[in-house]
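The values are calculated or read from the model by the stated rules, or taken from the named source; none is laboratory data. Everything quoted here is computed from the prediction, not taken from an experiment. Here the Cβ is made from the backbone with ideal geometry for all residues, glycine too, and neighbour counts use every protein chain on show.
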Amino acid sequence: MSKAVLYIAITSVALSVLVMIVSICIVTGFKNEITQKVVGFGSHIRLKNFDNNQSFEETPVNISQPFIKTLRADNRIEKITAFASKAGIIKTDEDIQGVVIKGLDSLYQADFFSDKMFQGRFDLSIVNGQYPAIISKNIADKMNLKLNDPLVVYFIEQPPRIRKFVIRGIYNTGLEEFDNMYVFSLLSVIQKLNNWTPDQAGGFEISLKNLNDLSSVNHKVYELSGFQFNSLTIKELYPDIFHWLDLQDVNVIIILVLMILVAGINMISTLLIIILENTSTIGLLKAIGARNAGIRKIFIYVASGIVLTGLVIGNLIALTLCFLQYRYHLVGLPQESYYVSYVPINFSPVNILLINAGTLIACVLVMVIPSVIITRINPVKSLRYE
């Protein structure tokens, strides 16, 4: 077989595997990154009073619910925190901005925001009697606010109420829908504004250790909490975002199918060339008693070696490119459109192994078809031709 044909076949398989691995790493990384951001704002499951209230202000529930202790004992659940939210208006001398003040209890852990703080810290402690506020960079830029500035929020009630906060931190997650809306403070602030008791909150947020347990845990929460409560998963709260993420799977499937077809067609062509170049050898093998099945296996083994070589080269290049992007974020993205500032990468050994195994199996199976031509080669004519 000529070197040109060999190089073309190996390159075709290598490029196909490279595209498939890079695609699956990017799409799964993208989905993981966006999911983590959305969950960071609202946890995996939200449990609220079962009513028809569609506003950002909840009907109060008692924090000391008997089923909460049972849920905390479930090893699939990471934490359960109480929260409450209230719509308000930020006003400065030049601008006004509608926001939602989300009050968090003392059990809330700000791990999600640890690498997303633009300035300051996610600090919700009361200092010198001043209520803390964590705002987004979007809100800070629109309202010309800075770290440690006072933040005056108006709440539309009868009569209107005003609260003054101090900006302790400015975050930036890239999720425009959330960054333009949420200001974080203490649950006690919302309780006082709503004239609630310290044992009341707007609801509970339940965080899980594994997203795969979302459906089963939500069913358990719904059953334990009773008719007074309604539990909604993060996918039910923000269906548009998750439907959009699910569409990315369709793109990946199309890419995988196309790349496997490209590799398969090239391997069919390569095997045909190998067979035609070795027609006399096939005739000789038949003349000395070799069976068609045995000869076909020989050529399929040779072609499979080409596929394996292409797989190794494709994997090395793909994993190197993915590692460089994972480590150094070489390729950036417009955050306002994609919710992330760079192309995220997720290394999944299972997906990579499946891609390699699937490519190898598909190529071997399609090579069975052209190998049938071996059965049609007449040993007398092939030797005479030689």
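A few remarks follow.
- When the stretch 339-367 is limited to residues that are in contact (Cβ under 8 Å) with a residue 40 or more places away in the chain and of a type in the set (Ser, Thr, Tyr), the one that is nearest to residue 300 (Cα to Cα) turns out to be 359.
- Residue within the stretch 255-270 that is in contact with a strand residue (DSSP E or B) (Cβ under 7 Å, 6 or more places away or on another chain) and either assigned by TED's automatic domain parsing to the domain that holds residue 8 or in a helix (DSSP H, G or I) (or both) present: no
- Cβ-Cβ contacts under 9 Å between residues 6 or more apart (or on different chains), taken from a first residue in the stretch 1-18 that is at pLDDT below 85 to a second residue that is among the charged types (D, E, K, R), are listed as 1/277; 2/277; 5/277.
- Restricting the search to helices (runs of 4 or more DSSP H) fully inside the stretch 79-198 and requiring at least 3 residues that are closer than 27 Å to residue 65 by Cα gives 187-193.
- Test: residue in the stretch 205-222 that is free of Cβ contacts under 8 Å to residues at least 24 places away in the same chain, within 16 Å of the chain's Cα centre (by Cα) and surrounded by fewer than 18 Cβ atoms within 10 Å (Cβ to Cβ): yes
- Selection count, the stretch 165-178, where residues are among the charged types (D, E, K, R) and modelled with pLDDT of 95 or more: 1
Conditions (1) modelled with pLDDT of 95 or more; (2) over 15 Å from residue 205 (Cβ atoms); (3) not assigned by TED's automatic domain parsing to the domain that holds residue 199, marked per residue:
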residue: 30; (1), (2), (3): no, yes, yes
residue: 41; (1), (2), (3): no, no, yes
residue: 59; (1), (2), (3): no, yes, no
residue: 65; (1), (2), (3): no, no, no
residue: 69; (1), (2), (3): no, yes, no
residue: 75; (1), (2), (3): yes, yes, no
residue: 82; (1), (2), (3): yes, no, no
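- Condition check for residue 90: surrounded by 15 or more Cβ atoms within 10 Å (Cβ to Cβ) and over 32 Å from the mean Cα position of the chain (by Cα): yes
- Condition met for residue 306 (assigned to a helix (DSSP H, G or I), farther than 17 Å from residue 260 by Cα and β-branched (Val, Ile, Thr)): no
- Of all residues in the stretch 199-237, those satisfying the criterion of being assigned to a strand (DSSP E or B), farther than 30 Å from residue 28 by Cβ and of a type outside the set (Phe, Trp, Tyr) are 200, 201, 203, 230.
- Which listed residue, of 333, 324, is more than 30 Å from residue 272 (Cα to Cα), at pLDDT below 95 and among the hydrophobic types (A, V, I, L, M, F, W, C): 333
- Scope the stretch 322-367; condition touching a Cys at 6+ places or on another chain (Cβ under 9 Å) and part of a helix (DSSP H, G or I); matching residues: 322, 325, 326, 351, 352
- Once the stretch 102-116 is narrowed to residues that are of a type in the set (A, V, I, L, M, F, W, C) and over 11 Å from residue 173 (Cα atoms), the residue that is surrounded by the fewest Cβ atoms within 10 Å (Cβ to Cβ) is 107.
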